[in-house]
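I have placed the structure first, in the form of structure tokens, so that the comments after it can refer back to it.
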Amino acid sequence: MTERNALGIGRFKLYVVKSFAQYAFYFASNPLEVSVMHREKFGERTGAITEAHRLLIKVMYFADLGIHIPLIDHRKTIVQFPAYLGHAAAGQYILHRLDQHKGVRGIV
């Protein structure tokens, strides 16, 4: 059971992409999914895609939802992957969802 990972534990990871002078956060199973989703959503090519598992325990403020929640707990609420979480400035723990192709704050 542990070899085939029937429960899907650790299947979706946190990835970060530099975008619009900030960082876009995604949950996905691999960097290719992140690249495809980012290009479709924002029309820009991805640079380096970084696996950011160390940030899973950080409490983030989701500005559009008005809640503080650790990313590891937020992942449990997502029903469809890959998932775009939002953009944050370097060193900040506030996620904002951006309008597609514009890089401005708003509802996606």
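Every number here is computed from the coordinates shown, using simple stated rules; none is lab data. Because the structure is a prediction, the values reported are computed rather than measured. No Cβ is skipped: glycine too gets one built from the backbone with ideal geometry, and neighbour counts run over all protein chains shown.
Values computed for the structure shown
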{"quantity": "Segment 76-96 versus segment 48-67: alpha-carbon centroid distance in Å", "calculated": "5 Å"}
{"quantity": "Inter-probe distance in nm under a simple model that places probes 7 Å from Cα toward Cβ, at K58 and K76", "calculated": "2.1 nm"}
{"quantity": "In segment 16-65, trypsin sites (Lys or Arg not before Pro) in a DSSP loop with at most 11 other beta-carbon atoms within 10 Å", "calculated": "R45"}
{"quantity": "Magnitude of the charge dipole, segment 5-91, Cβ model with Lys/Arg +1 and Asp/Glu -1, debye to 20", "calculated": "160 debye"}
